[in-house]
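All remarks here apply to the structure that follows.
The values are calculated or read from the model by the stated rules, or taken from the named source; none is laboratory data. Keep in mind it's a predicted model, so treat the numbers as computed, not measured. Accessible surface is based on the protein model in full, side chains and every heavy atom, while ligands, DNA and RNA are left aside. Shrake-Rupley method; radii C 1.70, N 1.55, O 1.52, S 1.80 Å.
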Amino acid sequence: MIEPLVLALLSESAPRADLAAGFEEEGVPLAVEPASGAPEALAHEAAKRAVLGVGVGGDGDRLVLVLAGGPARPYLVAPASEARSFGHDAARIVARRPLRRAG
């Protein structure tokens, strides 16, 4: 099994398609796996498993991005309703490009 560069562990209610679309539009591959738990815990687990150390966790309410080598707190947080924009910003962090929005 090939380890993902960026991994998202998302609950059933998370907006998977919109999140993936944001990553795809920025040209950054994203692997998505179903999971259950709090967004922060999912993001930390995803970051541990992702080759680049970038993990996303989410549910129907929130999306969280964590960097494995960064602080314990989330690097980026957004409401699930902003999944596509969050995907753009998360992908830009991976690609080391400026964010499109503040937050």
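Scanning the stretch 54-73 for residues that are modelled with pLDDT of 95 or more, open to solvent by less than 60 Å² (accessible area, probe 1.4 Å) and of a type outside the set (A, V, I, L, M), which turns out farthest from the chain's Cα centre (by Cα)? Only one residue tops the list, namely G60.
Of all residues in the stretch 74-103, those satisfying the criterion of being in a helix (DSSP H, G or I), of a type outside the set (D, E) and open to solvent by less than 60 Å² (accessible area, probe 1.4 Å) are A80, A83, S85, F86, G87, H88, A90, A91, R92, I93, V94, A95. Under the condition of being among the aliphatic types (A, V, I, L, M), in a loop (DSSP other than H, G, I, E, B) and within 18 Å of R73 (Cα to Cα), which residue from the stretch 14-51 is modelled with the highest pLDDT? Looking at the filtered set, the residue picked out is A38.
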